[in-house]
Structure formats: C-alpha cells, structure tokens
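Everything below concerns the one structure shown next.
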Amino acid sequence: MLNKIKIWKNQNNSSTLRDKIEEIKKLPVPEHVAIIMDGNGRWAKKRALPRIAGHHEGMKVVRKTTMLANDLGLKVLTLYAFSTENWKRPKNEVDYIMKLPEEFLGTFLPELVANNVQVKMMGYKHQLPKHTLNAIEKAMEQTKNNTGLVLNFALNYGSRAEILDAVKQVLNDYNSGILKETDLNEEAFSSYLMTSNFKDPDLLIRTSGEIRLSNFMLWQLAYSEFWFTDVLWPDFSEDHLLEAIEVFQKRQRRFGGI
Ligand code: FPP
C-alpha cells in the first residue's frame, strides 16, 4: 500500500513538473542561460561531509539541469565549473574537480548523445590535466554534429584574461593589416572572445546567496537579466530553473531603450 502511494506521488509530481514545463514553453524562453554553480562546499559542510562530496552532488545537478534545459528548448547552457582563480584551492579539491568531467561524461555521455546535446568547453585548455581535457575533447568530438542544446563548460575560465587576450589578438590583427580601426565595433570585438559562436547570455543564474560575478563573462553579461538565489547548487532543482525562467519571462528587457 505504502509503495502504491509512493508511485502515485511520484507520478503526480512528475506530471506537475511536465505541466509547468509546458506552461513555460508557451512564452519565449531564454536562448542562452549561464549559471554560476556556487555553494557546493557549504552544502557539504552543513552535512559534516568533505567539500568534495558537495562537488560530487553538484555534478548530479549538472545532469538534471542539462536535461531540463534541453527539454525547454534552450540553445546554450554555460556552466561555470572552474575559474582561473580556483587553482588556489587545496590540491586534493582541485584534483577532485578535475576528475569530475571524466566521471560525468563517462556516465552521461550516451544520454547526452541520445538527447542531441552538443558538448563544448571555454577556458584555458593548456593548464588542464590531460585526463580532464581528453574526456572533454572526446565528448566534443562525439557530439559535434548534434543540433540540440549546447552544454558549454566554463573550465579554467576567467573573463579578464579572456578580454586581455582578445585585445592582444585585436592588436595583432591591426598591426598585420587584417583589421582596420573603423571595423572594430562591439560585434567585431565579441568575435575575438571564447564565446564567439554564441549569442550573449539572456539570463544569468547564481546560486548560494552570493551577489557577484566572480570574473565570469564580464563583457557578455552586459545586458543579461540576473537571477540570484540562496539555494546551494547541490539543492538546485528543476523547479528552481523553471522559477528563474518564469521570472525572466516577466522581465522587460529594454537594452538601454525605453
Ligand atoms: C563553487 O562552489 C563550485 C565549484 C568551484 C565547482 C563547481 C563544480 C561542479 C558543480 C561540478 C561540475 C561538474 C562537471 C561535470 C564539470 P564552492 O566550492 O565555492 O562552494 P562554497 O562557496 O560553498 O565553498
């Protein structure tokens, strides 16, 4: 009897989620959502677990969030998984985070392939351990012809370094005559950034109650809508993503106009 009630409850919950998804899909959804996945350490601390347990739980939320984003018809989901500043963390934590792409893709790549998700990465590849890069590159190769959601991992990513590198490339192109000063506008500059193939994020989500950008997509987020929540990343559920998108749908974006 108890089992029957459990099954009924599960069915009921998933149909509520399905209803919400269908409701949200009636209005335009953001094309590009970027997420600063914060609070893994605090989630673990609250449970007297090592910080890495929070990152592992956070990895499972990456899967759920990706599947829902794909279902909703988002074009790009950019996830801040490791910043250029995160190397300052204890070695065991850095080593652990660097193993997560392998574990994640080792387990879920077939599901991503089956769901037409395309895996991408932005960030400085040369500093990544070989095993991390191999896992990402294998996934990028296997999903390169997929046409559904782009799951873009920001890994060893830092926005100031990205902008500086873009400026240096612009100078190079200017000096070698490829670029004229009059051709350099915002659109042209964007093409020098790691996000050159994507539209700027429409919506930025940050979890864990911190209200800052932490060197994330500083140029690209100029006109994005922001949604902050106190929820810690490992507790971030489908309902939270739907709530963020619902709020986004109610916002009026004026891009500086009236
Ligand atoms: C920030 O929380 C989180 C990170 C630096 C790592 C995020 C990584 C994941 C969510 C897993 C990524 C999964 C894949 C597949 C790459 P924090 O540790 O700063 O938390 P705290 O502020 O509570 O200490």
| query | Would it be correct to say that Met98 is within 14 Å of the ligand (Cβ to nearest atom), under 15 Å from Ala81 (Cα atoms) and of a type outside the set (Val, Ile, Thr)? | reply | yes
| field | Residues of the stretch 40-58 satisfying the condition of being part of a helix (DSSP H, G or I) and open to solvent by 80 Å² or more (accessible area, probe 1.4 Å) | value | Arg42, Lys45, Lys46, Arg51
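When residues of the stretch 50-65 are filtered for being of a type in the set (Gly, Ala, Ser) and near the ligand (Cβ under 7 Å from one of its atoms), how many remain? Break it down stepwise before answering.
Applying the first criterion (of a type in the set (Gly, Ala, Ser)) to the stretch 50-65 yields 53-54, 58.
Of the ones still in play, those that are also near the ligand (Cβ under 7 Å from one of its atoms) are 54, 58.
The qualifying residues number 2.
Quick check on the stretch 197-245: of everything there that is of a type in the set (A, V, I, L, M) and part of a loop (DSSP other than H, G, I, E, B), which residue is nearest to the ligand (Cβ to nearest atom)?
Let us first name the residues in the stretch 197-245 that are of a type in the set (A, V, I, L, M), namely 203-205, 211, 213, 217-218, 221-222, 231-232, 241-242, 244-245.
Still in the list and also part of a loop (DSSP other than H, G, I, E, B): 211, 213, 217-218, 221-222, 231-232.
On the way: Ile211: 13, Leu213: 14, Met217: 15, Leu218: 18, Leu221: 18, Ala222: 24, Val231: 12, Leu232: 7 Å.
Here the residue is Leu232.
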| field | When residues of the stretch 66-91 are limited to those that are within 13 Å of the ligand (Cβ to nearest atom) and part of a helix (DSSP H, G or I), the one most open to solvent (accessible area, probe 1.4 Å) | value | Lys88
| remark: Of the residues in the stretch 116-156, those that are buried (at least 17 other Cβ atoms within 10 Å of the Cβ) and either away from the ligand (no atom under 11 Å from the Cβ) or of a type outside the set (Phe, Trp, Tyr) (or both) number 23
| query | Hey, any hits in the stretch 127-134 for a residue that's under 20 Å from Val33 (Cα atoms) and touching a residue at least 40 places away in the same chain (Cβ under 8 Å)? | reply | no
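Any residue that is assigned to a helix (DSSP H, G or I) and either basic (Lys, Arg) or more than 26 Å from Lys60 (Cβ to Cβ) (or both) - is there at least one of those in the stretch 246-255? I'd like the intermediate steps shown before the answer.
Looking only at the stretch 246-255, we keep the residues that are assigned to a helix (DSSP H, G or I), and these are 246-250.
Still in the list and also either basic (Lys, Arg) or more than 26 Å from Lys60 (Cβ to Cβ) (or both): 249-250.
Within the stretch 246-255, one or more residues are assigned to a helix (DSSP H, G or I) and either basic (Lys, Arg) or more than 26 Å from Lys60 (Cβ to Cβ) (or both).
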| message | Among the residues that make up the stretch 80-87, is at least one of them more than 27 Å from Leu164 (Cβ to Cβ) and either aliphatic (A, V, I, L, M) or modelled with pLDDT of 95 or more (or both)? | response | no
| What are the pairs, 6+ residues apart or on separate chains, where a residue within the stretch 39-59 that is on the phi < 0 side of the Ramachandran plot has its Cβ under 6 Å from a residue that is modelled with pLDDT under 95 and near the ligand (Cβ under 9 Å from one of its atoms)? | none
| field | Number of the exception - Val29 against (1) open to solvent by less than 10 Å² (accessible area, probe 1.4 Å); (2) more than 13 Å from the ligand (Cβ to nearest atom); (3) of a type outside the set (Lys, Arg) | value | (1)
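Got a sec? Which of Ile258, Ile178 is modelled with pLDDT under 95, of a type in the set (Val, Ile, Thr), part of a loop (DSSP other than H, G, I, E, B) and open to solvent by 30 Å² or more (accessible area, probe 1.4 Å)? Before you say what the answer is, go through the steps one by one.
On the way: Ile178 fails: modelled with pLDDT under 95.
Going through Ile258, Ile178 in turn, the sole match is Ile258.
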| remark: Checked Arg212, Arg206, Arg160 against criteria (exposed (fewer than 15 other Cβ atoms within 10 Å of the Cβ) and touching a residue at least 40 places away in the same chain (Cβ under 8 Å)); the one match is Arg160
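The values are calculated or read from the model by the stated rules, or taken from the named source; none is laboratory data. Keep in mind that what you see is a predicted model, and the values were worked out from it rather than measured. Cβ atoms come from the backbone with ideal geometry, glycine included; neighbour counts cover every protein chain shown. Just the protein is used for accessible areas: all its heavy atoms, side chains included, with ligands, DNA and RNA removed. Shrake-Rupley method; radii C 1.70, N 1.55, O 1.52, S 1.80 Å.
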